[in-house]
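As structure tokens, the structure follows; a few thoughts come after it.
Here, each number is a calculation from the coordinates, and none is a lab measurement. Here the structure is a predicted model, which means the values were calculated and not measured. Glycine gets a Cβ as well: all are built from the backbone with ideal geometry, and neighbour counts include every protein chain shown.
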């Protein structure tokens, strides 16, 4: 039997049944006589070479030495898929059960053949990091790649990313790229791409459909809308967070409706609001500073912690995730007041998922206002942190810029959703 390469597409017969799928990478201790095939229905099947009849083999595509590897060429719009790592780019080591980064962007594309008729797709792996390892320098790299892609004529960009910090990265690129020329769609998966129950292929297809067909400039996150496999929700990058550790529909828009929904079976997009029109030129402000911190207030918070966080020598901006409408205990007052008097910025968000801070309702809030704490309305605490890192990195004024609605991070109208 001829050698079967990883990511070859094969058609084979076992007894009277015919199967077709992609040959998956071999796990650490998988012997040479067996291999795994991801079938067209998404399920994996273990195969013993001596017991099958090979009917057809399509070898894997050879990666180009050009900056962008060609995935599928068609007459459709030019779409770039950037690989950064995460579960969507990972496989399970079945010896240990661990999920490890393993697949390149081009290999992921090969596993979703529906993309062939959707667009002219190029792929590029720019890093291979699990999302907990992402740093502000990674955001800068992603922003530059996206900016250059639009300058090179791409009409949409999809970024395959780990889910745990994907909303941080989506927020970062929302601020870093002003007036993007097309949609930038982050996409991940809750289960690795080589598992039969993986949501990777459906999420990627939904993201690509939106990138190719929506004509909606902006930064978004594309993930399952529910536990079903037919609808992908498109969330604005500054209004989304991960709300569940493992469910397919872990990502939800907060204080907003999803921007759109993609029906992956019918290749249709249903918008929840008016599409964005870009009239100004695209710009990039891709610098981020680490002189910002996020503090989650809790009862009994240590004064040692407060004194170390509210330290102007270390941080220029502190986002507090306060209780309810935006409160902290009086124990924190001296540290906050001293920090602001030394030139530090303090912004207030809420630990509540929905709603907005209001520092004028109770005495505690009014005292914080008098010290100079800035209420950040319904801005998510993660978004506020990223925004402050971006404001400092690009030399903008914190007090003037943080409460200003730049990318839709503050809701103009708040509804009970």
*Using the count of nearby Cβ atoms within 10 Å as a rough guide to exposure, how do 253, 246, 272 rank from fewest to most?*
246, 272, 253
*With each pseudo-label sitting 7 Å past Cα toward Cβ, what's the residue 307-residue 342 distance in nm, one decimal?*
1.2
*Tell me, in nm to one decimal, what length is gained between residue 405 and residue 314 on full extension, where the rule is 0.36 nm per residue of separation less the Cα-Cα distance?*
30.1 nm
*What FRET efficiency would be calculated for the residue pair residue 230, residue 116, taking the C-beta separation as r and a Förster radius of 22 Å, to the nearest 0.05?*
0.65
*What does the highest-first list of 287-295, 223-231, 378-386 look like by mean Cβ count within 10 Å?*
378-386, 287-295, 223-231
*Please find the FRET efficiency linking residue 54 to residue 266, where r is the Cβ-Cβ separation and R0 is fixed at 30 Å, and quote it to the nearest 0.05.*
0.30
*asked:* To make sure I understand, if each residue's beta carbon is the centre and we count other beta carbons within 10 Å, what order do 244, 235 fall in, fewest to most?
replied: 244, 235
*When a/c is below 1.5 the answer is rounded, else prolate if a/b is larger than b/c, else oblate, so apply that to the range 276-417 with a ≥ b ≥ c taken from the square roots of the Cα gyration tensor eigenvalues.*
oblate
*Quick one: 114, 313, 48, fewest Cβ neighbours within 10 Å first, how do they rank?*
313, 48, 114
*With each pseudo-label sitting 7 Å past Cα toward Cβ, what's the residue 20-residue 126 distance in nm, one decimal?*
3.5
*What FRET efficiency do you get for residue 13 and residue 34 if R0 is 22 Å and r is their Cβ-Cβ distance, rounded to the nearest 0.05?*
0.80
*What translational diffusion coefficient, in µm²/s and rounded to a whole number, does the Stokes-Einstein relation yield for the range 318-390 at 20 °C and a viscosity of 1.002 mPa s, taking the hydrodynamic radius as the Kirkwood radius over Cα pairs?*
178
*Hey, rough spin-label estimate for residue 360 and residue 144, points 7 angstrom out along Cα→Cβ, what's it come to in nanometres?*
4.5
*asked:* Per 0.36 nm of contour for each residue apart, how much would the distance between residue 133 and residue 283 grow if the chain were fully extended, relative to their Cα-Cα spacing?
replied: 51.3 nm
